[in-house]
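Single-structure report; data block below.
The values are calculated or read from the model by the stated rules, or taken from the named source; none is laboratory data. Everything numeric in this text was worked out from a predicted model, so none of it was measured. Glycine gets a Cβ as well: all are built from the backbone with ideal geometry, and neighbour counts include every protein chain shown. In case anyone asks, the SASA skips ligands and DNA or RNA and just uses the protein heavy atoms, side chains included. Shrake-Rupley method; radii C 1.70, N 1.55, O 1.52, S 1.80 Å.
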Amino acid sequence: MRIPVKTRFVFLGISLVSIALCTMTASVHSQENPPYRNSWIPVEQRIADLLSRMTLEEKIAQLTSAMERTVNASDPKSSFVDAKGMFQPERATALIKDGIGQISRPSGMRGPRQMAEFTNSIQKWAKENTRLGIPVLFHEECLHGHAATKGTSFPQAIALASTWDPQIVEAVFSATANEVRARGSHQCLTPVLDVVRDPRWGRTEETYGEDPYLASRIGVAAVKGFQGVGHEIDKSH
């Protein structure tokens, strides 16, 4: 059957419009889901894509950390929490509009539930209200357990090393990792792997002693406890 010329032009017009709409949709989808957000792409490519999009201010923001800004009753001119330690989004918009690399010890005077709610609220704000949505990294002190309100405390590092038992140490820090992760933090400033030879050093108790072999074995056990032994870090490590 021969299609009239006028009808063919209509079909052609519809096809061109469809192609244009598909192209626009793909473009919008690409903008909404840039490569750095795609977990299926190799990490190196995601990093390169993200860096190419960042302004100088955003790069500097990722090199900054905050601790005093999250302490209860902090100065409202420099803090994004109120006197009760609650996160204040409107202050964050003014103070960390370009994002922030790390927040130190969000536990503060917060118990497990309060800390989890606090870290969740900041993380949600950062991902939804900064231009690139880069998540915040939270860190805690975990030298011999989570050093926080209602955190579990184990024997000091030098005492853990004196057990000469890597399995016990791995179990201790596996429990610590699970506790810290449940409260919303991702990094622990532990273990201390300095080999101590002079007892006058003020942090001797934070080490695993004077023997390099013992310190290395206990150190490996601690890292395995924190990170697990899988290819990726799961939600309990």
(request) Identify the residue in the stretch 186-223 that is open to solvent by 80 Å² or more (accessible area, probe 1.4 Å) and part of a helix (DSSP H, G or I) and, among all such residues, is nearest to residue 169 (Cα to Cα). (result) 217
(request) Just one of (1) free of Cβ contacts under 8 Å to residues at least 24 places away in the same chain; (2) surrounded by 14 or more Cβ atoms within 10 Å (Cβ to Cβ); (3) in a helix (DSSP H, G or I) trips up residue 79, so point out which. (result) (3)
(request) Kindly establish whether residue 163 is without any contact (Cβ under 8 Å) to a residue 40 or more places away in the chain and touching a strand residue (DSSP E or B) at 6+ places or on another chain (Cβ under 7 Å). (result) no
(message) Tell me whether the stretch 134-145 contains one or more residues that are more than 16 Å from the chain's Cα centre (by Cα), in contact (Cβ under 8 Å) with a residue 60 or more places away in the chain, assigned to a helix (DSSP H, G or I) and under 27 Å from residue 179 (Cα atoms).
(response) no
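Picking from 60, 122, which residue would you name as being open to solvent by 60 Å² or more (accessible area, probe 1.4 Å) and in a helix (DSSP H, G or I)?
On the way: 122 fails: open to solvent by 60 Å² or more (accessible area, probe 1.4 Å).
So the residue among 60, 122 that is open to solvent by 60 Å² or more (accessible area, probe 1.4 Å) and in a helix (DSSP H, G or I) is 60.
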(request) Under 7 Å between Cβ atoms, at least 6 apart or on separate chains: pull out the pairs that start in the stretch 215-237 with a residue that is on the phi > 0 side of the Ramachandran plot and of a type in the set (Gly, Ala, Ser) and end on any residue that is in a loop (DSSP other than H, G, I, E, B) and open to solvent by less than 50 Å² (accessible area, probe 1.4 Å). (result) 228/237
(message) Being of a type outside the set (Ser, Thr, Tyr) and either open to solvent by less than 50 Å² (accessible area, probe 1.4 Å) or at pLDDT below 95 (or both): is that true of residue 159 here?
(response) yes
(message) Against the conditions (1) β-branched (Val, Ile, Thr); (2) under 18 Å from the mean Cα position of the chain (by Cα); (3) assigned to a helix (DSSP H, G or I), where does residue 168 fall short? Just the number, please.
(response) (2)
(message) For the stretch 127-144, give me each residue that is open to solvent by less than 30 Å² (accessible area, probe 1.4 Å) and either more than 13 Å from residue 61 (Cα to Cα) or out of contact with any helix residue (DSSP H, G or I) (no Cβ under 7 Å at 6 or more places or on another chain) (or both).
(response) 130, 138, 139, 140, 142, 143
